[in-house]
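Reviewing the structure listed below.
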Amino acid sequence: MKNIIQYKHRKVLVLGLARSGVGAASLLHKLGAFVTVNDQKPFSENPEAQGLLEQGIKVICGAHPVELLDEGFELVVKNPGIPYDNPMIKKAQDLMIPIITEVELAYQISDAPIIGITGTNGKTTTTTIVHHMLNEMTPNKSLLAGNIGFPGSEVAEKATADQYIAMELSSFQLMGIRTFCPKIAVITNIYEAHIDYHKTREEYVKAKWRIQENQTKNEFLVINWDQDELRNMTKRTKAKVIPFSPTQKTGRRCLCQRWQYHVLRRSYRKA
């Protein structure tokens, strides 16, 4: 784990718990931040909050009091499921407090390069396949993280530079990144989903596309070449594009069910 100092003595609000919130709060506490956790579930019914209190972290439960943001927080780490029209989030935005999700913290501390996988369908399956393929090539080469049920911050704490983190990423998580840059980004496909959260399909696609926004020519973007929308979007990336398709040839190569093997072997040699 990288011992970063950017959060030392900074006031941080972790909004919403579940496993990712617990991981973020614990990590920030270790990094020297002054952490406050706010969760809607009552304290008496909230073992996660009780455990954080035992670590010496300030905990406020039972509601999301908007006035809490008057305490001078310098950062909000938001549970991905909390929408951006939530009153707490809207006030944080009005106060110009940066808002991130826990995967951003995971990236900042990770010694291991990240393979970030998103898409409307197939995220979990693809992440699991990539994880098992890496471990088939080299035992203990890969760790699972992200929306697949293992908080990125907890996994990144124990990951080493000779490993990879195979991280499933939702559009909700990707809306809260700032510097997050996976060594390999994968977009399996894009269809219409989560419109209740994103309000429009355009905003949903924009959130998914953020997976590559900090990539450079030194990183890889693996993308579904069967979808015209995704193929056209590759004109706007700086990453090295690796197309895959089960139905057509994709220029120099035809990547079908074994695309993961080719990409991972290629990036593994360059890492």
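A few notes on this one:
- Applying the criterion of being of a type in the set (Val, Ile, Thr) and more than 12 Å from the chain's Cα centre (by Cα) to the residues of region 82-113, the residue that is farthest from Leu68 (Cα to Cα) is Ile109.
- Qualifying positions in region 212-238 - in a helix (DSSP H, G or I) and either touching a helix residue (DSSP H, G or I) at 6+ places or on another chain (Cβ under 6 Å) or farther than 18 Å from Gln173 by Cβ (or both): Asp228, Glu229, Leu230, Arg231, Asn232, Met233, Thr234, Lys235, Arg236
- Answer from Ile165, Ile177 - the residue that is at pLDDT 95 or above and surrounded by fewer than 22 Cβ atoms within 10 Å (Cβ to Cβ): Ile177
To keep it simple, each residue is scored yes or no on (1) over 22 Å from Lys206 (Cα atoms); (2) at pLDDT 95 or above; (3) not in a helix (DSSP H, G or I).
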position: Val76; (1), (2), (3): no, yes, yes
position: Met96; (1), (2), (3): no, yes, yes
position: Val103; (1), (2), (3): no, yes, no
position: Gln108; (1), (2), (3): yes, yes, no
position: Ile115; (1), (2), (3): no, yes, yes
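- Going through (1) at negative phi; (2) buried (at least 20 other Cβ atoms within 10 Å of the Cβ) one by one, Gly16 falls short only on (1).
- Filtered residues of region 151-172 (kept if assigned to a loop (DSSP other than H, G, I, E, B) and without any contact (Cβ under 8 Å) to a residue 60 or more places away in the chain): Thr160, Ala161, Asp162, Gln163
- Hey, Glu67 under 16 Å from Val14 (Cβ atoms) and of a type in the set (Asp, Glu) or not: no
- Residues within region 149-171 that are more than 16 Å from Thr127 (Cβ to Cβ) and either aromatic (Phe, Trp, Tyr) or touching a Leu at 6+ places or on another chain (Cβ under 7 Å) (or both), tallied: 2
- Unique residue being of a type outside the set (Lys, Arg), in a loop (DSSP other than H, G, I, E, B) and within 25 Å of Tyr197 (Cα to Cα) when the list is Gly32, Gly23, Gly56, Gly81: Gly81
- Pair list, Cβ < 6 Å and 6+ apart or interchain, from region 35-51 residues that are assigned to a strand (DSSP E or B) to residues that are among the basic types (Lys, Arg): Thr36/Lys58
- The set of residues in region 144-159 that are aliphatic (A, V, I, L, M) and at pLDDT 95 or above comprises Leu144, Ala145, Val155, Ala156, Ala159.
- Condition met for Ser26 (crowded, with 16+ Cβ neighbours inside 10 Å, of a type outside the set (A, V, I, L, M) and at pLDDT below 95): no
The values are calculated or read from the model by the stated rules, or taken from the named source; none is laboratory data. This one's a predicted model, so the numbers in the text were calculated from it and none came from an experiment. Every residue, glycine among them, receives a Cβ derived from its backbone with ideal geometry; neighbour counts consider all protein chains shown.
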